[in-house]
Amino acid sequence: MIKVQTPEPFDPLLQVPLVPPSGHYSASKLERVLRAGYFAVTAELNPPDSSDPRDVLKAAKPLIEVADGINATDASGANCHISSMGICSLLSRAGQGVVFQISCRDRNRIAIQGDVLGAAAMGVSAVLCLTGDGVGVGDQPGAKAVFDFDSISLLRALKTMRDDGVFLSGRKLSTPPNLFLGAAENPCVEPLEWRADRLAKKVEAGADFIQTNYIFDVKRFERFMDKVRAKGLHKKVFILAGVGPLASAKAARWMRTNVPGVHIPDSVVERMENAENPSKEGKEICIELVKKMRQIEGVAGVHIMAYRREHMVNEIIEESGVLADRV
Amino acid sequence: MYSVRLFCTRNAALFEKTYNVLENVFIALHPLLNKLGYNRLEKPVATIEALSKSFLFDCKMCGQCVLSSTGMSCPMNCPKNVRNGPCGGVRDGGFCEVNSQMRCVWVEAWNGASKMKSGLERISVVQPPVNRELAGSSSWLRVVREKAELKLSLKQQVAQGDVDLAKTEMANAFPDARKNHPSVAPLANEPQAALAEQAVVEQTSVHTSVDRSLDASVNTTLHTSAPSLQKGGSK
């Protein structure tokens, strides 16, 4: 007779969320790196359309070596993929630092406040609050857009949960989530004049760190940072500049017309057009951008969004030398 | 109307002045309004408010107007209903990400705010999410009620059963927004006419379960009758 061994039941409580070090809101690697004064690197994971956890680990693999936090997108561009909650749970349990992206497009305040507790229980300690792209640009444009919160009211809601230990209804949390709160800002699109003021509002609402949208226009970004420094915001919030490698001139043109919030100046598109090896040129441009960001006062790190070019992230960071002071 | 809407943000300073005068007149009239009964006033005032504000601002009657904090550009016209905009998707020239033919509501808002006396100060205040229970009701009457409420201490109001304790966290979480616009996180009990029937029933049950300090039966009556705030509810 064959004896079947019953596996031990998995006890989720065996891994309780880590306690934040003193002076920290969370136990996230990203927060520790930033507070220690290092130039931080985060990278966006391309979420698989799969229910196999190995696909998630495979997608994370090229980012693990260099990223202090792996961003799990929440149906970015309103396209359906495996959820950010699922990705973050898997990667947190695998010991990786993650940034749990939350978009206000698909869930209302009840779902989001609950999800944040769920994520925290699974080990997530950094979140990025986003308003989210409209449903129209995605793969299911007939969907109902929710937008109950916006990014800023969401930030304040999570800050209230963390610091006051209550839901927005006032009901007490027995264990509040220890979260490092993030938000996005887009320094390169209209209204350019007021973008720094909006950043101030995000800081006021509770942002601890900022990951910007793609920056290809360094001049625009520098003007933005001038205002940020004039307001002293760079001392109140860690700013990670968003960069990424372009694949080709055609891809660049497609992105700036079809992806909301992407501004790519003509000079960059021309440079891609004239390149013998566009893919290599895209990588070069990205390395140059990372190096430039390192020089700008008030920039605390970079956020690499290398959609379908994740294999390059490692080399981009290595060659830019921004991690040279680590180890 | 779209063109009138744009006219309003261009002339935000004028509307700011007009509104401030009207608000003060309404608040001065509070004792009279209270005597007439906010419940009775709700429908006629809401109708007038909807007609005038939808003509001027394409108002959507969210019931918690923040126009003077948004450069006189109604945030409910933003396809994402963003109350703290603009989002990161604004197109070149300041057009909307979702509706490329429309000026971004929030680009207009910041431009309008920059023309107002306290516009930039107010647009910098973090606004809470919209309370959908209040949709369709009069924001004007709510402002008057709330501003009159502020004169009483919170404790006194709680003792009298005039304040919905379940709502206080929203007010705590967004204190500055409530200071400028008490109606975005209102504390006073709503007259029945201001809420959809279903919402009143739901709210009563939530209320009694959360707020144990108040007698459940008093709560129920508070929700089904007009509050007379100065006399301490419908006791």
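The values are calculated or read from the model by the stated rules, or taken from the named source; none is laboratory data. Keep in mind that this is a model prediction, so the values were computed, not measured. Note: ideal-geometry Cβ built from the backbone for every residue, glycine included; neighbour counts use all protein chains shown. Heavy atoms of the whole protein, side chains included, go into the accessibility calculation; ligands, DNA and RNA do not. Shrake-Rupley method; radii C 1.70, N 1.55, O 1.52, S 1.80 Å.
Quick check: the distance between the Cα centres of the range A:36-65 and the range A:84-135, to the nearest angstrom?
The range A:36-65 and the range A:84-135 have Cα centres spaced 14 Å from each other.
Could you look at chain A and say what percent of its accessible area is carbon and sulfur, using a 1.4 Å probe and all protein chains?
Working: 7760 of 14730 Å².
Percent of accessible area from carbon and sulfur atoms in chain A: 53.
Nearest 20 debye, what's the magnitude of the dipole of chain A about its Cα centre given +1 on Lys and Arg Cβ and -1 on Asp and Glu Cβ?
Numbers: 41 positive and 40 negative charges, 142 e Å.
Charge dipole of chain A: 680 debye, to the nearest 20.
Show that you can apply the helix-only estimate: for the protein assembly as shown, add -39,500 (n - 2.57) for every DSSP H stretch of four or more residues, divide by all residues, and state [θ] at 222 nm to the nearest 500. Write down the numbers at each step before the final one.
Working: 23 runs with 247 residues, N = 562.
After summing the helix terms and dividing by the residues of the protein assembly as shown, the value is -13000 deg cm²/dmol.
How large is the translational diffusion coefficient of the range B:103-143 in µm² per second when you combine the Kirkwood radius over alpha carbon pairs with Stokes-Einstein at 37 °C and 0.692 mPa s? Walk me through the intermediate numbers first.
Working: Rh = 12.2 Å.
It diffuses with D of about 269 µm²/s by this estimate.
Rolling a 1.4 Å sphere over the protein heavy atoms, what is the accessible area per residue of the range B:2-123, to the nearest Å²? The partial results should precede the final answer.
Values: 5420 Å² over 122 residues.
Averaged over the residues of the range B:2-123, the accessible area is 44 Å².
Which Cα, out of A:Ala230, A:Gly206, A:Trp194, lies furthest along the positive dipole direction of the range A:183-242 (beta carbon charges, K/R +1, D/E -1)?
The one lying farthest along the dipole's positive direction is A:Ala230.
Using Cα positions and a limit of under 27 Å, work out the lysines in reach of A:Lys250, with same-chain residues fewer than 8 apart set aside.
Candidates past the 8-residue exclusion: A:Lys219, A:Lys280, A:Lys283, A:Lys291, A:Lys292.
Cross-link candidates for B:Lys147: which lysines have Cα within less than 25 Å, leaving aside residues fewer than 8 places away along the same chain?
Of all the lysines, those that pass the test against B:Lys147 - Cα under 25 Å, at least 8 places apart if same chain - are B:Lys17, B:Lys35, B:Lys43, B:Lys53, B:Lys60, B:Lys117, B:Lys155, B:Lys167, B:Lys179, B:Lys231, B:Lys235.
Under 14 Å from a point placed 7 Å out from the Cα of B:Ala13 along the Cα-to-Cβ direction: which residues of the range B:107-141 have their backbone N that close?
B:112-120
How about the range A:98-183: which trypsin sites (Lys or Arg not before Pro) there lie in a loop by DSSP and see at most 16 other Cβ atoms within 10 Å?
Sparse-neighbourhood loop trypsin sites (Lys or Arg not before Pro): A:Lys144, A:Arg171.
List the trypsin sites (Lys or Arg not before Pro) in the range A:237-327 that DSSP assigns to loop (not H, G, I, E or B) and whose Cβ has at most 13 other Cβ atoms within 10 Å. Which are they?
On the way: sites: A:Lys250, A:Arg253, A:Arg256, A:Arg271, A:Lys280, A:Lys283, A:Lys291, A:Lys292, A:Arg294, A:Arg308, A:Arg309, A:Arg326; in loops: A:Arg308, A:Arg309, A:Arg326.
Those that pass, being in a loop and sparsely packed, are A:Arg308, A:Arg326.
Straight distance only, please: which lysines reach the Cα of A:Lys202 with their own Cα at less than 17 Å, same-chain residues fewer than 8 apart left out?
The reachable lysines, counting only those whose Cα sits under 17 Å from A:Lys202, are A:Lys159, A:Lys227, A:Lys231, A:Lys235, A:Lys236.
Let a ≥ b ≥ c be the square roots of the eigenvalues of the Cα gyration tensor of the range A:12-105; is it rounded (a/c under 1.5), or, if not, prolate (a/b larger than b/c) or oblate? Present the calculation step by step, with values, prior to reporting the outcome.
Numbers: a/c = 1.71, a/b = 1.49, b/c = 1.15.
Prolate, since a/c reaches 1.5 and a/b exceeds b/c.
Total Å² of accessible surface buried at the B-A contact, 1.4 Å probe, nearest 100? Walk me through the intermediate numbers first.
Details: alone 11520 and 16100 Å², together 24900 Å².
Accessible area lost upon association: around 2700 Å².
So what's the gap between the Cα centers of the range A:146-197 and the range B:54-78, to the nearest angstrom?
Between the Cα centre of the range A:146-197 and that of the range B:54-78, the gap is 23 Å.
Find which of B:Cys62, A:Ala75, A:Val269 sits farthest along the positive direction of the dipole of the protein assembly as shown, computed with +1 on the beta-carbon of Lys and Arg, -1 on that of Asp and Glu, about the Cα centre.
The residue sitting most towards the positive pole is B:Cys62.
Just to confirm the filter: which GluC sites (Glu not before Pro) across the range A:15-69 are DSSP coil and have at most 14 other Cβ within 10 angstrom of their Cβ? Walk me through the numbers before you get to the answer.
Working: sites: A:Glu31, A:Glu44, A:Glu65; in loops: A:Glu65.
Answer in residue order: A:Glu65.
At q = 0.06, 0.09, 0.11, 0.15 Å⁻¹, what is the log10 ratio I(q)/I(0) for chain A, with the Debye formula run over Cα points and no solvent?
-0.20, -0.46, -0.68, -1.31
For the residue pair A:Arg229 and A:Arg326, what label-to-label distance in nm results when each label sits 7 Å from Cα along the Cα-to-beta-carbon direction?
Reported label-point gap for A:Arg229 and A:Arg326 is 2.6 nm.
Summarise the long-distance tail of P(r) for the protein assembly as shown by giving the % of C-alpha pairs beyond 41 Å.
Numbers: 43022 of 157641 pairs.
Here the tail beyond 41 Å accounts for 27 percent of pairs.
What size of dipole, in debye to the nearest 20, comes out for the protein assembly as shown about its Cα centre when the only charges are +1 on Lys and Arg C-beta atoms and -1 on Asp and Glu C-beta atoms? Walk me through the intermediate numbers first.
Values: 68 positive and 61 negative charges, 286 e Å.
Dipole magnitude for the protein assembly as shown comes out near 1380 debye.
Using the Cα centre as the reference, give the magnitude of the dipole from point charges on the C-beta atoms of the range B:2-123 (Lys, Arg: +1; Asp, Glu: -1; all else neutral), rounded to the nearest 20 debye. Don't skip to the answer; put the middle values down first.
Details: 15 positive and 9 negative charges, 29 e Å.
That gives a dipole near 140 debye.
Placing +1 on the Cβ of each Lys and Arg and -1 on the Cβ of each Asp and Glu in the protein assembly as shown, which of B:Pro31, A:Phe100, B:Val45 has its Cα farthest towards the positive end of the resulting dipole?
Looking along the dipole axis, the top candidate is B:Pro31.
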